[in-house]
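This report refers to the structure that appears directly beneath it.
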Number of protein chains: 2
Amino acid sequence: MGLRERKKEETRIALSWAAIKLTVERGFDNVKVEDIAAEAGVSHRTFNNYFSSKGEAITARHFDRAVQIAEELRSRPDGEPLWEAITNAVFARFALGMQEGERPADERWIAGVKLMTQHPEHRGEFLKAHMAAVDALAAAVAERTGTDTDRDLYPHLVAGAVGAAILAAIHLWLHGDAPAPFEELLRDAFGQVAAGLPTP
Amino acid sequence: MGLRERKKEETRIALSWAAIKLTVERGFDNVKVEDIAAEAGVSHRTFNNYFSSKGEAITARHFDRAVQIAEELRSRPDGEPLWEAITNAVFARFALGMQEGERPADERWIAGVKLMTQHPEHRGEFLKAHMAAVDALAAAVAERTGTDTDRDLYPHLVAGAVGAAILAAIHLWLHGDAPAPFEELLRDAFGQVAAGLPTP
DNA sequence: TCGTATCTTTGCGCGCCTCGCAAATTTTGG
DNA sequence: CCAAAATTTGCGAGGCGCGCAAAGATACGA
């Protein structure tokens, strides 16, 4: 990777990170695109060369990481049973970054994240990213199971269920009465889905 | 319902319908809010009293209908098994309006819908509406099964799986190789999910 | 029926956003 | 070291979302 591409990647990450940081600190509507650009050390106009909206910038890192789940799934050994492979792929690329620091998990930050997730525009953008990742996952599932995303419901249903499990875990993690570690919630969610959602 | 509320409802529907119609005919970016308002016979400013964005107006009807699924589920007899009740609720409120006319199902229209669903902003808004409906469904499922949306993963997982089934059916209906009637796709999707997604 | 209280619509205007364009700057590869 | 290619930036156009206050429509008791 040449200098050119490296710098682009750095700028992209700097912008995305600046967007997240400022939004969590001040709230979605109190951050101007100009502020984000300034924080990342580029011009307002350059921001829009990388992202077509504030929301997209905020979601970009989540999206980048989520898409990797599909890649990971492709690289799991062929013999591994489907649900096991999926669980492993998800944990390999998703769960880690969520619990291990990467950010200061202080009160103020969590509160800011909660606020952010409630903002309508962010919600839409987040779900767009989430579903794009789910689609990628469906493609990987299809490849693995010999099904076809344009012919069969199956890969979409599996990927969709996985996506729902992730969303459910996030929801309970952020809004649940009884606080539990994210990894545990996710593992529990996968267990239930893989077991066919038996009525409790 | 007094005259006041009736007129509001009419305006809301007229705006939403105008937004859909114009977008399908011309494409998302070639429709100005002003056009939609004109088509519905109100001012630009009034449009924003009803909807906070073009995308929201387009999605409103889908959303209104989708939320009714949760209401329908609540009104199903208590003895009915969960998956049966859900299937019935979905078909009662969702499937009907999809296949029966309501619109001219001509080529041009379908093509317009496809284009619309690919537009980024619409996608985000659509998913927002979809997930809001899924959340409502989760609440209804929780009520029915004696679980709690702030404590248990279960209702979210079930509702999410149902939502995924609906999305998968829509996807195959719009983009599938082998065209099939929507109702059939949906029924098939529900069957697979209810059966615990056995590997094919 | 009428008059007032309440809600809705509308025009105006501000500030922000996204994007096309072309000039300036930086990186690349020979 | 130079020319080609890619990236950044300023500028400006066209839209959008919303707060505000005036004007218009509806509701309802006397």
What percent does the relative contact order of segment A:48-200 come to when contacts are Cα pairs within less than 8 Å and at least six residues apart? 25
Could you name the lysines in cross-link range of A:Lys7, using Cα to Cα under 26 Å and dropping any fewer than eight places away on the same chain? A:Lys21, A:Lys32, A:Lys54
Inter-label distance, nm, simple model (7 Å from Cα along the C-beta direction), A:Arg108/B:Ala132: 3.3
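I'd like to verify something in chain B: which complete DSSP H helices, judged by Cα projection on the helix axis, reach 27 Å or more and average at least 1.6 on the Kyte-Doolittle scale?
The qualifying helices: there are none.
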Label position 7 Å from Cα toward Cβ: report the copy-to-copy distances for B:Asp29 in nm, one decimal, ordered from shortest. 2.8
Using the Cα centre as the reference, give the magnitude of the dipole from point charges on the C-beta atoms of the protein assembly as shown (Lys, Arg: +1; Asp, Glu: -1; all else neutral), rounded to the nearest 20 debye. 1160
If you build the Cα gyration tensor of chain B and take the root of 5 times each eigenvalue, what three semi-axes come out, in whole angstrom, biggest first? 31, 21, 15
Computed over the Cα atoms of segment A:1-62, what is the convex hull's projected area averaged over all directions, in nm²? 4.0
Contact order normalised by length for segment A:116-200, with contacts defined as Cα pairs under 8 Å and 6 or more residues apart; what percent is it? 19
Give the nm distances, rounded to one decimal, from A:Pro179 to the matching residue in every other copy, measuring between label points 7 Å along Cα toward the beta carbon; shortest first. 5.6
If labels are modelled 7 Å from Cα along the Cβ direction, B:Glu143 lies from its partners in the other copies at nm distances, smallest first, of 4.4
Percent breakdown of C-alpha pair distances by 10 Å bin, ordered from the shortest bin, for the protein assembly as shown: 4, 20, 31, 28, 15, 2, 0
When the helix-only estimate is applied to chain B (DSSP H runs of n ≥ 4, each -39,500 (n - 2.57), divided by the residue count), what is the mean residue ellipticity at 222 nm, nearest 500 deg cm²/dmol? -24000 deg cm²/dmol
Net charge near B:Leu174, counting Lys/Arg +1 and Asp/Glu -1 over other residues with Cβ under 11 Å of its Cβ? 0
What order do you get for B:Glu5, B:Glu71 when you list them from fewest to most C-beta neighbours inside 10 Å? B:Glu5, B:Glu71
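Just so you know, all these numbers are worked out from the coordinates, no wet-lab data involved. Keep in mind that what you see is a predicted model, and the values were worked out from it rather than measured. So basically every Cβ, Gly included, is an ideal-geometry build from the backbone, and we count neighbours across all protein chains shown.
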